[in-house]
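Asker: My questions will all concern the structure given below.
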Amino acid sequence: MSQKSTSREETIIEKAKSRFPEYIKETKIDNNRRVTISFDKDHVQEIAKWMRDDIGFDHLKGIAGVDYPTHKKLEVLYLAGSFSKPEIQDIIVTLKAELPKDAPTISSVVSIWESAHFHEREAFEMFGINFEGHPDLRKLLTLDNWDGPPPMLKDIKFPEMGQR
Amino acid sequence: MSQETLQDFIGAWIGKMSEIVQTVTGSGPIKYLINWSRMYALWPVHITTACCSAEFGAMMGPRLDPERFGMQAVAGGLRQCDLLIVEGTVTKKMAKRLKIVYEQMAKPRYVIAMGDCACSGGLFHDSYSIVNDVHKLFPVDVYVPGCPPRPEALLSAIVKLREKIRREEVFA
Amino acid sequence: MTANPPTPTIASNEAKEPSTMDVSVGPQHPGSGHVRLLMRVDGDYIVSIDPDIGYVHRGCEKIAEYRNYVSNIPHLERPCIIDAIHLNWAYVLPVEELQGVIVPPRGQYISTIAAEMNRIMSHLYWLAINAGVFSGHTTIFMWAFGDRDLFIELAEWLTGARLTYSFLPPGGPRRDFPSGFEQKLAKLLDYFEKRLVEYDRMFLSNPLVVARAKGIGVLKKKDAIKLGVTGPVLRGSGVEYDVRKVEPYGAYADLEFQIPTFKEGDSYSRYLVRFEEMKQSISIIRQALNKMPKGPIARKAPLVAPEGEAIGRVESSRGEITVMVIGDNSDKPYRVKIMNGSFRNLIALPYLIRNVHVADMPIIYGSLDYWPVEADR
């Protein structure tokens, strides 16, 4: 049984590596059903289109940004899932892209996964990531709430947080 | 009589008449009547601030039935309401709108700060996007602590507010 | 004006036609909740809608990096206060995975029963406010809130709080059933099952409700998959997907239940999905009460989580909640990312409320069960 379930995740990774050998940087399987694929950020739209059409991951559950100030990079994580293919419905694939801290720009995937519309707006305002090609990139949650730099970055410390 | 003396005389006469009206209506049975009508028709404004609104909804439910005190959630206009209940955390975005709503209410108007977050910041006191001191936006009449306060606590706050209205001066 | 104006995109920066007017259905409104919908209307038709959210944005994800794993539970369960157990469980599942803690079976059953009670409470709140008050049906508000208070009393007996339980720290639930709890719960379920029949007569079969909700706000199956919606919105459009069956957690692998799915995709089928889910919840709780194992309810979890990433998900009453926790070998998480049902369903608002009458807006908005505090976090 465990042999069969690891082979599903490994099949996805092998297909990705054989299709985009030079864009995929590293892959990982965490427990069962969680696959992580790190890729080159310039080819996000090709990889997303292939994931949707050939493998069947048809929607995004969310887009998370993570800030690593010691390595001077921002990571964008796309969590993709599948509704239409029952055999991979319980797998979540995390696509990771690294962005340099001083030029965080990546192409938008809204034309491929329309579910990314509001997730990209939130990542833009919380981390300062510029999604090129998004039809309506403006502040969503912090519109009248916070006027400073993107609040989720680790350099923005709120000294009173966690005190008392 | 010259112009100035006539004006002074009329001004003094009007001042004396309004003093008499204030003394008559500001005490005794007329004051009781005006305050009674104000405290038995407290209509809350339809604005929900944050998660304490779930307990506000529970208070308006059939268990506690504030309608026997005249408190109905009427879907009318803002100008006819006289009670603003700040339920829960006030973010900076919502604080602007609360101030506009408070200024649009007709006097006399009362404010209840419900929940720990409205009283002093509560659980989220150190967040970047919230306003800790609601009393700097507008004067608050009753504070109700709790996270969220029980519906019975909110009802007892309304009873306290009614006591306050019963005793207050008509022309404040 | 024409009967069917052309369909615009859901972006809001298109040019404004001279015959249209912008109306702000703001936070001060008897039918909007804590959100502002900027409607562009052309006579009696809504051309497009632009949701303006963030009125309850309290920065939960930033605060989560400053508090340790157990202290994070109270503020992370406040976003959806009426369904707090599911947010709590969705946060605790990846933390337990990182720490390598396995909850014993009796603890899983207690969590499952508490979660299903919470699902019933949340659906009753939806019925009272979103489907009732927003459309003008205030009798169902009184009925549903009366019955919901009975469940809240039982939850208070079990956990000590009415709405904000903080019931599941990492390692398992913090209290066992008090003596006499199971009998009272079984009695309440018998009473509630009869009440659901009365609700059906008063609300679901009410010709006014049927006329207002049938055929309104149709979301077709391929659009639902493309937009990535979740929860009853997804199941009301014909996609049979529920995290309790796809990736069972808690005690759901041992219990038998169905996933109600309707294929019409209109507001009325979303109402039906939630009604049927309440009935399924009653059956799940009864089975779980019969099959309760004995033994310990929780294991002690360490205070520190090792390095790594973990993703956990549960099916709450508004949809799937997915939480990603990144640990860094300390007692505070490095990053907590919450993807919940209301934020994912937000895209259905500007998509569905186009070229509809103004009076259909509260019905569509209510049938999506959008809870703004959860979407804003």
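Laboratory data are not the source of any read-out in this text; all were calculated from the coordinates shown. Here the structure is a predicted model, which means the values were calculated and not measured. Quick reminder, even Gly has a Cβ in these numbers, built from the backbone with ideal geometry, and neighbours come from all protein chains shown.
Asker: Conditions: (1) surrounded by fewer than 20 Cβ atoms within 10 Å (Cβ to Cβ); (2) more than 11 Å from chain C (Cβ to nearest Cβ). A:Ser108 meets all but one. Number of the miss?
Answerer: (1)
Asker: Can you work out which of the residues in segment C:234-257 that are away from every other protein chain (no Cβ under 12 Å) and in contact with a helix residue (DSSP H, G or I) (Cβ under 6 Å, 6 or more places away or on another chain) is surrounded by the most Cβ atoms within 10 Å (Cβ to Cβ)? Show your work before the answer.
Answerer: Taking segment C:234-257 and keeping what is away from every other protein chain (no Cβ under 12 Å), we get C:236, C:250-257.
Among the residues that remain, those that are also in contact with a helix residue (DSSP H, G or I) (Cβ under 6 Å, 6 or more places away or on another chain) are: C:236, C:250-252, C:255, C:257.
Numbers: C:Gly236: 29, C:Gly250: 24, C:Ala251: 24, C:Tyr252: 22, C:Leu255: 19, C:Phe257: 17.
Within segment C:234-257, the match that is surrounded by the most Cβ atoms within 10 Å (Cβ to Cβ) is C:Gly236.
Asker: Step by step: first the residues of segment C:351-377, then only those that are within 11 Å of C:Gly217 (Cβ to Cβ) and hydroxyl-bearing (Ser, Thr, Tyr), then the one that is farthest from the other protein chains (Cβ to nearest Cβ). Which residue is that?
Answerer: C:Ser367
Asker: Restricting attention to segment C:281-337, which residues are touching a Lys or Arg at 6+ places or on another chain (Cβ under 7 Å) and of a type in the set (D, E, K, R)?
Answerer: Selection gives C:Lys294, C:Glu315, C:Glu320, C:Lys332.
Asker: Moving on to the next point. Go through (1) touching a residue at least 60 places away in the same chain (Cβ under 8 Å); (2) within 14 Å of chain C (Cβ to nearest Cβ); (3) touching a Gly at 6+ places or on another chain (Cβ under 8 Å) one by one and return the number of the condition B:Phe56 breaks.
Answerer: (3)
Asker: Continuing with this model, one more query. Test C:Arg299 against the stated conditions and say whether it is under 16 Å from the mean Cα position of the chain (by Cα) and closer than 30 Å to C:Tyr69 by Cβ.
Answerer: On the way: under 16 Å from the mean Cα position of the chain (by Cα): no; closer than 30 Å to C:Tyr69 by Cβ: yes.
Criteria not met by C:Arg299.
Asker: Here is a further query. Applying the selection to segment A:109-132, what residues are farther than 21 Å from C:Pro51 by Cα and not β-branched (Val, Ile, Thr)?
Answerer: A:Phe127, A:Gly128, A:Asn130, A:Glu132
Asker: Another question about this same structure. Using the structure shown, decide if C:Ser24 is under 23 Å from the mean Cα position of the chain (by Cα) and over 30 Å from A:Asp155 (Cα atoms).
Answerer: Values: under 23 Å from the mean Cα position of the chain (by Cα): no; over 30 Å from A:Asp155 (Cα atoms): yes.
When the stated conditions are applied, C:Ser24 does not pass them.
Asker: Counting residues that are touching a strand residue (DSSP E or B) at 6+ places or on another chain (Cβ under 8 Å), which helices (runs of 4 or more DSSP H) fully inside segment C:280-377 reach at least 2? Break it down into steps so the answer makes sense when it comes.
Answerer: Numbers: elements: C:341-345, C:348-352, C:361-368, C:372-376.
Helices (runs of 4 or more DSSP H) meeting the threshold: C:341-345, C:348-352, C:361-368.
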